[in-house]
Amino acid sequence: MTNGPVDLAIKRAPRQKRAVETYERILDVATKLLVEIGVERISTNLIAAEAGITVPTLYRYFPNKYAVLMALGDRLMTEQNVLIAEWLERARAVDSAEALMDDIHFLISRTIELTRATPGALAISLSLRAVPALQDVRLSSHRAMSDAITDEFHRHLPGVPRTEIWERVRISVELSYAAIEMALEEPRVGDARIAEETAIQMKAYWRQQLAQWPEAQKD
């Protein structure tokens, strides 16, 4: 497994229908292989053979297997991030800092549901942690979501330093994703229980945190 710099850029974004179909087939096959044989054994040769295309055809889109895995991670996280945007929009309708955490069960339960319905989601998530070249993909996505959530909190707490809010949000984001991965890994605890208990703990923490910030700093 590589530890040095790796080219992760997609060579050519598909536009025509046939190219899009080939691109998506590559990702679907890569997902299947990732689940079946793991990140160490997967290769561009295996992906191409399983997809029924030549290796040069695969290389039109991806320079190596890590770029394929990155695209899988991007696809999964983009779907998850849509739910975060929806959750933020729901909170804005109530227009209070407390509304974010009051509605956290919606976000966690929906994200578990979406992730479980995504083929190979656990294998994809674990590969983003396991492969050094891909770790920044996951971190960048989680940081971007932390930025968006912090912006919403800071809108209601203009007197609180943004960095102080961001640090707490960033920890909460990581804990939430850990709970989502647990739902996929631990069959002895149901999805509903994980969502409920995670939401209870998140609410308790943020109620305490919001109470600690001076009222004069809140809108």
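Just so it is clear, none of the values below were taken in a lab; they were calculated from the coordinates. Owing to the predicted nature of the structure, the values given are computational and were not obtained by experimental measurement. Cβ placement follows ideal geometry from the backbone for every residue including glycine, while neighbour counts extend to all protein chains displayed.
The residue that is nearest to residue 205 (Cα to Cα), among those in the range 153-171 that are crowded, with 20+ Cβ neighbours inside 10 Å and not β-branched (Val, Ile, Thr), is 153. Here the helices (runs of 4 or more DSSP H) wholly within the range 30-106 that include at least 3 residues being out of contact with any Gly (no Cβ under 9 Å at 6 or more places or on another chain) and either under 23 Å from residue 122 (Cα atoms) or without any contact (Cβ under 8 Å) to a residue 12 or more places away in the chain (or both) are 44-51, 65-94.
Considering only residues that are of a type outside the set (Asp, Glu) and exposed (fewer than 15 other Cβ atoms within 10 Å of the Cβ), which ones fall in the range 91-129?
Step one: list which residues in the range 91-129 are of a type outside the set (Asp, Glu), which gives 91-94, 96-97, 99-101, 104-112, 114-129.
Within the range 91-129, 92, 93, 94, 96, 116, 117, 119, 129 qualify.
Taking into account only those residues within the range 30-40 that are of a type in the set (Val, Ile, Thr) and surrounded by fewer than 21 Cβ atoms within 10 Å (Cβ to Cβ), which is nearest to residue 64 (Cα to Cα)? If you could, list the steps in order and put the result at the bottom.
Kept after step one, since they are of a type in the set (Val, Ile, Thr), are these residues of the range 30-40: 31, 35, 37, 39.
This time we only want the ones that are surrounded by fewer than 21 Cβ atoms within 10 Å (Cβ to Cβ), so: 35, 37, 39.
Working: 35: 18, 37: 17, 39: 13 Å.
Among them, the one singled out is 39.
All conditions but one from (1) outside any helix (DSSP H, G or I); (2) surrounded by 21 or more Cβ atoms within 10 Å (Cβ to Cβ) apply to residue 199; the one that does not is (1).
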